[in-house]
Structure formats: structure tokens, C-alpha cells
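S.K.: One structure, pasted below without further comment.
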Amino acid sequence: PELERLLKGRSVAVDAAIWFHEAQLQPELLRHFGPVGSVLKVTFERCARWLRRGVLPVVVLEGRGGGRGDRHFAHGRGDLGSAFAAQPQVRALLAALGIPYVNAEGEAEATCAALAVSGRCDFVATTDF
């Protein structure tokens, strides 16, 4: 209750990469919804969870720059790879829900930090440190 009181009315910059990753790790979800549907379901549920607590999520989507070619999912090509194939559909979902999103130039967590430092968001949610 105390934590929820502190969070209410705030905004959080969310590194959505973990949502994409977690959606791909759930076999039952994948079986029922497929790769893109799984990401959409996880994104919707996580946004709803933040909103129920009175927190506005600002979803930050991975970009192609920022050392992207060195990441394992890019296979040295500098692209995002199949793990992020659902990003266009996620953008459409977020727009339909009225949830703001940011397309990062590169790493989403760096953009999340910049949003917090600039005062555009109150805090950051990421698992990528």
C-alpha cells in the first residue's frame, strides 16, 4: 500500500525488450497466440498492471543503433532479429490504448534513463543494467 501510494500519478519509462523476451519463453502462450500474439498479450497485460496502480507506462522500444550488431539476437547483422518482429503491432496496440511509446535509437534502457534524467518520466523499469 505504501509503495502504491508513492507510485500513483507517476510515469515510468519501461524497457519493453524484457516483455518481448518473456513472451517468447512461455510455450503455452506461444502455442495459443503465436509469437506476435504472445508479445501483444504480454504487452497489454503489463500496461494494464501499471495503469491499475495509477502509473502511466511510457513504453520504450528497441532501435537498430547503439551496438545492436554485437547483440546475440542480431547475428552480427546490426538488426533487431526475429525477437522484435512484433514491434509494429505493439506500436499499433499502444496507440490504440493511448499509451505513449518511444522508439529508441538504440538500446531501450539508455533511452529510459534519458527520459528519467530529463524529467519526462519519474522512474525506469528495466532488467538490462
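S.K.: Of the conditions (1) at pLDDT below 95; (2) surrounded by fewer than 16 Cβ atoms within 10 Å (Cβ to Cβ); (3) within 22 Å of L115 (Cα to Cα), G76 fails just one. Which one is it?
M.R.: Here G76 meets the rest and fails (3).
S.K.: Suppose we keep only residues that are farther than 11 Å from V14 by Cα and touching a residue at least 24 places away in the same chain (Cβ under 8 Å) within segment 98-109. Which one would you say is most open to solvent (accessible area, probe 1.4 Å)? Can you show your working first?
M.R.: So the first thing to find is which residues in segment 98-109 are farther than 11 Å from V14 by Cα, and the list is 98-99, 103-107.
From the residues that got through so far, the ones that are touching a residue at least 24 places away in the same chain (Cβ under 8 Å) too are 99, 103-107.
Numbers: I99: 9, N103: 85, A104: 9, E105: 159, G106: 9, E107: 32 Å².
So the residue we want is E105.
S.K.: Cβ-Cβ under 6 Å, sequence separation 6+ or interchain: first residue in segment 32-50 and farther than 19 Å from A125 by Cα, partner of a type in the set (A, V, I, L, M, F, W, C). Which pairs?
M.R.: V36/A86; S38/A23; S38/L29; S38/L30
S.K.: Of the residues that make up segment 52-63, is at least one among the charged types (D, E, K, R) and at pLDDT below 90?
M.R.: Filtering segment 52-63 for residues among the charged types (D, E, K, R) gives 52-53, 62.
If we keep only those that are at pLDDT below 90 too, we end up with none.
Checking segment 52-63: not a single residue is among the charged types (D, E, K, R) and at pLDDT below 90.
S.K.: Being of a type in the set (A, V, I, L, M, F, W, C) and either modelled with pLDDT of 90 or more or open to solvent by 60 Å² or more (accessible area, probe 1.4 Å) (or both) is the requirement here; does L7 meet it? Reasoning before the result, please.
M.R.: Values: of a type in the set (A, V, I, L, M, F, W, C): yes; either modelled with pLDDT of 90 or more or open to solvent by 60 Å² or more (accessible area, probe 1.4 Å) (or both): no.
Criteria not met by L7.
S.K.: Something else: Which of the residues belonging to segment 41-65 are open to solvent by 50 Å² or more (accessible area, probe 1.4 Å) and under 28 Å from L7 (Cα atoms)? Steps first, answer last, please.
M.R.: First, the residues of segment 41-65 that are open to solvent by 50 Å² or more (accessible area, probe 1.4 Å): 41, 44-46, 49-53, 56, 64.
Within segment 41-65, K41, F44, E45, R46, R49, W50, L51, R52, R53, L56 qualify.
S.K.: Can I ask one more? Which condition from (1) open to solvent by 60 Å² or more (accessible area, probe 1.4 Å); (2) farther than 27 Å from P1 by Cβ; (3) modelled with pLDDT under 95 is the one that T127 breaks?
M.R.: (2)
The values are calculated or read from the model by the stated rules, or taken from the named source; none is laboratory data. Keep in mind the model is a prediction, meaning the values are calculated, not measured. Positions of Cβ are generated from backbone atoms using ideal geometry, with glycine treated the same way; all protein chains shown enter the neighbour counts. Side chains included, ligands, DNA and RNA excluded: accessible areas come from the protein's heavy atoms. Shrake-Rupley method; radii C 1.70, N 1.55, O 1.52, S 1.80 Å.
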